Amino acid sequence: MEGIVMESVWVAVGFAIFVILVWRKVGSALSSMLDARSDKIRTELDEARALREEALDELHQFQRLHREAAEEAKTILQTAEATAERIRENAEKAAEEMVKRREQQATAKIKAAEAAMVSELREKAASLAIASAAEIITAKLDDKAGMGLIDDAAKEIEKLN
């Protein structure tokens, strides 16, 4: 039995040497394969980290642009409101001035119409008075008295000239 045990020991030693030799070849190949995979993962992680940083930079830039746009929109809105208020105030002033002008024009037209009416009434009154006086004079005066009045009127006209 000793021979079988020795044979078994030599088979076991040979198997162990075979496994060690295979393990060295396969292990180095496996190790280099794992190292390559590890390097590839590391470069992908570095790229992912760089892409993440770029994305964060872009996000911050877009957030800044958004804030600036919101501030600019707020400024534009305030300016538009102030402009609208100025336009409204100017329109109110212009409307008030136009109403005052129209009132003054209407007042002037009314005064002119009153003056024209008074003048027309005076003319009518004067022509009625002249017509009435002429009727009264012609009815009550004789030719001699009428000629005397005409002479007096002619003298008065000569004094005026």
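What follows is calculated from the coordinates using simple rules that are stated; it is not laboratory data. Model, not experiment: these values are computed from the prediction. Positions of Cβ are generated from backbone atoms using ideal geometry, with glycine treated the same way; all protein chains shown enter the neighbour counts.
Under a plain spin-label model, where a point goes 7 Å from the Cα along Cα-to-Cβ, how far apart in nm are M147 and S119?
Taking the two extended label points, one gets 4.1 nm.
Run the count for the chain, please: Lys pairs, Cα-Cα under 25 angstrom, 8 or more apart or on different chains.
Count of close lysine pairs: 10.
Estimate the FRET efficiency between I136 and I110 by the formula 1/(1 + (r/R0)^6), using the beta-carbon distance for r and 45 Å for R0, to the nearest 0.05. Could you put the intermediate results ahead of the total?
Working: r = 38 Å, r/R0 = 0.83.
Result of the calculation: an efficiency of 0.75.
Which option, [x] 63.4, 202; [y] 15.6, 45; [z] 16.4, 59, is the value of Rg and Dmax of the Cα atoms in Å that was calculated from these coordinates?
[x]
Could you tell me which residue out of W23, L128, A94 lies farthest along the dipole of segment 2-133 toward its positive end? Charges go on the beta carbon: Lys and Arg +1, Asp and Glu -1, centred on the Cα centre.
Ranked along the dipole, the leading option is L128.
For K40, what is the net charge nearby, where nearby means another residue's Cβ is under 12 Å from its Cβ and Lys, Arg count +1, Asp, Glu -1?
On the way: positive: R37, R42; negative: D35, D39, E44, D46, E47.
Charge balance near K40 sits at -3.
To the nearest 20 debye, what charge dipole does the chain have about its Cα centre, counting +1 at the Cβ of each Lys and Arg and -1 at the Cβ of each Asp and Glu? Don't skip to the end; give the middle numbers.
Values: 24 positive and 31 negative charges, 17 e Å.
Here the size comes out at about 80 debye.
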